[in-house]
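Novice: My structure is below; once you've seen it, I'll send some questions.
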Amino acid sequence: MFYREAGDFKTTYSEDSQTFPIKFDRIRYYAVLAVAFGVIPFFINDYWANAVFVPFLIYSIAAIGLNILVGYCGQVSLGTGGFMAVGAYAVYKLMTAFPEVSILIHVLLAGGITALVGVLFGLPSLRIKGFYLAVATLAAQFFLVWLFNKVPWFYNYSASGQISAPERDILGIIITGPNTTASAKYLFCAVILLALAWLARNLTRGAVGRKWMAIRDMDIAAEIIGVNPLAAKLSAFAISSFFIGVAGALFFAVYLGAAEVGESFGIQKSFLILFMVIIGGLGSIFGSLAGAAFLVLLPVFLKNVLVGMLGWPTDLAAHIELMIIGGLIITFLIAEPHGIAQLWRLAKEKLRLWPFPH
């Protein structure tokens with residue numbers, strides 16, 4: 001009976017159009033933030049940071065970025081791994097060339113460089129769409145991986161071809177490098193995720209987001225009523241690529257510490273993030289977070305059960321894990337094609353109407 005709108009009065013337009021119109025939702029949101037920033041950093045250890053929290057935060061940023069392009073603007077992309085590689089190599093070059101500059105500035109600049117690359121590869125969307133656009137972005141994925149492999153300048157002529165993140169700090173707290181603490185990595189990624197999720201939520205609820213959704217629903221009709229397809233599609237590619245570039249920079253500098261482009265940012269990374277968006281729910285910021293949580297937590301849970309509890313061999317458990325995850329993805333998409341976000345919306349509607357059946 002506590003999840004109700006009765007007695008929750010709105011007296012201004014801003015109150016009526018807020019993200020969480022029900023008081024209970026607002027309390028829940030602030031409670032989650034309080035736990036995320038006031039409790040977890042004091043109890044987190046290296047295992048929880050590296051296995052669960054940091055991957056979840058970084059993949060959430062990438063999923064939000066891809067959801068802006070695919071879910072809100074309707075432009076299919078299979079080049080997410082390549083754009084993450086752009087962010088990773090950009091932040092690496094910036095960290096090595098300008099060691100005195102803050103790592104936060106480097107990460108944001110890497111996102112900006114990725115946005116420029118995304119606009120370049122987004123130009124075909126003005127002429128093609130659907131399956132053909134997916135093939136064009138897939139070509140971008142393979143081209144970018146090939147480029148970072150074949151041009152030694154990108155990895156500073158290293159004999160191994162790998163890139164390694166040097167140690168950098170913010171206000172004396174080490175953020176990258178082998179001496180980074182679990183709480184520092186977690187807080188750095190959590191702050192960036194919170195800022196970018198807030199930015200994405202405001203963009204999608206504003207005039208820019210309405211233009212994206214008009215292009216997604218029917219681009220010809222959107223152009224007739226005054227929406228500029230060039231500006232709408234390229235802005236979606238730019239902002240989406242910015243988010244993905246930031247995620248790639250964090251994935252390399254904070255999470256991995258060292259990376260090789262083919263292994264860390266291959267085509268499997270593009271499909272993984274696309275699955276997060278589809279499972280979580282297209283056109284939903286919460287869906288991006290839920291999809292990332294699903295595909296980060298499920299493999300960890302299955303590994304602990306199959307290897308830790310049942311004692312299965314690691315190689316057999318890895319194959320069984322892939323089969324289970326694939327089967328669950330297929331079953332989930334058949335049962336609820338609109339993703340976890342739709343299940344969450346239905347659950348809240350049921351709570352608001354309970355105990356009445358309609």
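Novice: In sequence order, what are the phi-derived ³J(HN,Hα) couplings for the range 242-248 according to the Karplus relation 6.51 cos²θ - 1.76 cosθ + 1.60 with θ = phi - 60°, rounded to whole Hz, with x for glycine and proline?
Specialist: Values, residue by residue: 4, 4, 5, x, 4, 4, x Hz.
Novice: When the accessible area of the range 225-358 is split by element with a 1.4 Å probe, what percent falls to carbon and sulfur?
Specialist: 73 percent
Novice: Apply 1/(1 + (r/R0)^6) to the Cβ-Cβ distance of D169 and E260, taking R0 = 22 Å, and write down the FRET efficiency to the nearest 0.05.
Specialist: Once rounded, the FRET efficiency stands at 0.30.
Novice: Ok, one more. Within 10 Å of each candidate Cβ there may be at most 14 other Cβ atoms; applying that plus a DSSP loop requirement, which chymotrypsin sites (Phe, Trp or Tyr not before Pro) in the range 27-69 survive?
Specialist: Answer in residue order: no site qualifies.
Novice: Per residue of the range 88-101, what does 6.51 cos²θ - 1.76 cosθ + 1.60 with θ = phi - 60° give for ³J(HN,Hα)? Whole Hz please, x for Gly and Pro, Karplus curve as stated.
Specialist: 5, 6, 5, 5, 5, 5, 5, 5, 7, 7, 10, x, 7, 7
Novice: Subtract the Cα-Cα distance of L343 and W312 from 0.36 nm times their separation in residues, and report this length gain in nm to one decimal.
Specialist: 7.8 nm
Novice: ³J(HN,Hα) across the range 18-33 via Karplus (A = 6.51, B = -1.76, C = 1.60, θ = phi - 60°), whole Hz, x for Gly/Pro?
Specialist: In residue order, the calculated couplings are 6, 4, 10, x, 8, 4, 4, 5, 5, 4, 4, 4, 5, 5, 4, 4 Hz.
Novice: In nanometres, what is the gap between the two model label sites at K23 and L123, each 7 Å from Cα along Cα-to-Cβ?
Specialist: Output for this residue pair reads 5.6 nm.
Novice: Separate question: Fully extended, how many nm does the chain gain between F271 and I320 (0.36 nm per residue separation, minus their Cα-Cα distance)?
Specialist: Roughly 15.7 nm would be gained on extension.
Novice: Let me ask something additional. How large, in percent, is the carbon and sulfur part of the accessible surface of the range 1-79 at a probe radius of 1.4 Å?
Specialist: Looking at the range 1-79 in its full context, I get 68 percent from C and S.
Novice: For the range 44-267: lysine pairs with Cα atoms under 25 Å, gap of 8 or more or different chains, count?
Specialist: So the count works out to 5.
Novice: Same structure, new question: Take every Cα pair under 8 Å in the chain that's 6+ residues apart, average their separations, divide by the length, and report that relative contact order as a whole percent.
Specialist: In percent, rounded to a whole number, it is 28.
Novice: Tell me, in nm to one decimal, what length is gained between S158 and F98 on full extension, where the rule is 0.36 nm per residue of separation less the Cα-Cα distance?
Specialist: Residue separation times 0.36 nm, minus the Cα-Cα distance, leaves 19.8 nm.
Novice: Considering only protein heavy atoms, what per residue accessible area in square angstrom results for the range 122-165 with a 1.4 angstrom probe?
Specialist: 62 Å²
Novice: Okay, moving on. Scale the Cα Rg of the chain by the rule-of-thumb value 2.2 N^0.38 Å and send over the ratio, two decimals.
Specialist: That ratio works out to 1.03.
Novice: What number comes out for accessible area per residue over the range 224-314 if the probe is 1.4 Å? Units Å², please.
Specialist: Normalised by residue count, the accessible surface of the range 224-314 is 37 Å².
Novice: Are there trypsin sites (Lys or Arg not before Pro) in the range 3-46 that DSSP marks as loop and that have at most 11 other Cβ atoms within 10 Å, and which are they?
Specialist: Taking the range 3-46 and a limit of 11 other Cβ atoms within 10 Å, no loop trypsin sites (Lys or Arg not before Pro) are found.
Novice: Moving on to the next point. Between L333 and L194, what is the spin-label point distance in nm, taking each point 7 Å from the Cα along the Cα→C-beta axis?
Specialist: So the label points at L333 and L194 sit 3.5 nm apart.
Novice: In addition: Quick one: which residues, 5+ away or cross-chain, put their amide H under 5 Å from the amide H of D169? H built at 1.01 Å from N.
Specialist: I103, I175
The values are calculated or read from the model by the stated rules, or taken from the named source; none is laboratory data. Only a predicted model underlies this, so the values are computations on that prediction, with no experimental measurement involved. As a convention, Cβ positions derive from the backbone with ideal geometry for all residues, glycine included, and neighbour counts pool all protein chains shown. Quick note on the areas: whole protein, heavy atoms, side chains included, nothing else; ligands and nucleic acids left out. Shrake-Rupley method; radii C 1.70, N 1.55, O 1.52, S 1.80 Å.
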